[in-house]
1. Taking the stretch 62-92 only, how many residues are within 25 Å of C146 (Cβ to Cβ) and either in contact with a helix residue (DSSP H, G or I) (Cβ under 7 Å, 6 or more places away or on another chain) or assigned to a loop (DSSP other than H, G, I, E, B) (or both)?
2. Given (1) more than 14 Å from the chain's Cα centre (by Cα); (2) outside any loop (DSSP other than H, G, I, E, B); (3) modelled with pLDDT of 70 or more; (4) surrounded by 13 or more Cβ atoms within 10 Å (Cβ to Cβ), identify the lone condition not met by G116.
3. How about the stretch 1-47: which of its residues are open to solvent by 40 Å² or more (accessible area, probe 1.4 Å), among the aliphatic types (A, V, I, L, M) and either modelled with pLDDT under 90 or touching a strand residue (DSSP E or B) at 6+ places or on another chain (Cβ under 8 Å) (or both)?
4. Hey, can you tell me all the residues within the stretch 129-140 that are at pLDDT below 95, closer than 19 Å to L34 by Cβ and of a type in the set (G, A, S)?
5. Scan the stretch 48-75 for residues that are open to solvent by less than 30 Å² (accessible area, probe 1.4 Å), out of contact with any Phe, Trp or Tyr (no Cβ under 8 Å at 6 or more places or on another chain) and modelled with pLDDT of 90 or more and jot them down.
6. With the structure loaded, tell me whether V78 is of a type in the set (V, I, T) and open to solvent by 30 Å² or more (accessible area, probe 1.4 Å) or whether it fails that test.
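The values are calculated or read from the model by the stated rules, or taken from the named source; none is laboratory data. These numbers were taken from a predicted model, which means no experiment stands behind them. As a convention, Cβ positions derive from the backbone with ideal geometry for all residues, glycine included, and neighbour counts pool all protein chains shown. Accessible surface areas use protein heavy atoms only, side chains included; no ligands, DNA or RNA. Shrake-Rupley method; radii C 1.70, N 1.55, O 1.52, S 1.80 Å.
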Amino acid sequence: PLPKKKQEKMSMKTIFVGGGSDERGEVAAAIAILRAHGWTITFDWPAAMEREPAVLSPEYVYELAGAMEDAICHSQVVWIMLPKKKSEGAAAELGMARMSIRNNPGSPRALVVSGGVMDLGRIYPTRAKAQGRIFEDHADALTFLCNLR
């Protein structure tokens, strides 16, 4: 479990939830449940993807990446739902979260990672354990987050 001190500091309950594009529906469902449990979502990327233009301009991609980076930096918790297959976006989100937390050691933030941590030759999810929690199953991570006070 997270240290008691970290749990108390996370009372603001702001969260960024990310994952792979194939799991967009699962991420959207988790976001809805978290909202019902009092969490503020810093960036709803499944909703943003619904508004994504058919042709991505460099300006659009730049703005989207900036919005996601800012949301990660301003979240009390970052939850990365590891996808079933490799995902450039999920890997980037995990890296941004790890570095954001690591570069701000006094901040009351934590990283939650769920899914097949050892699948697909992934090397960084296990490093996230020191910054929060790792769950093999997304449902267990969701239950944990819903029970945080």
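1. Selection size over the stretch 62-92: 16.
2. Of everything listed in (1) more than 14 Å from the chain's Cα centre (by Cα); (2) outside any loop (DSSP other than H, G, I, E, B); (3) modelled with pLDDT of 70 or more; (4) surrounded by 13 or more Cβ atoms within 10 Å (Cβ to Cβ), G116 misses just condition (2).
3. M12
4. Within the stretch 129-140, just G132 meets the criteria.
5. Matches in the stretch 48-75: G66 only.
6. Working: of a type in the set (V, I, T): yes; open to solvent by 30 Å² or more (accessible area, probe 1.4 Å): no.
In short, no.
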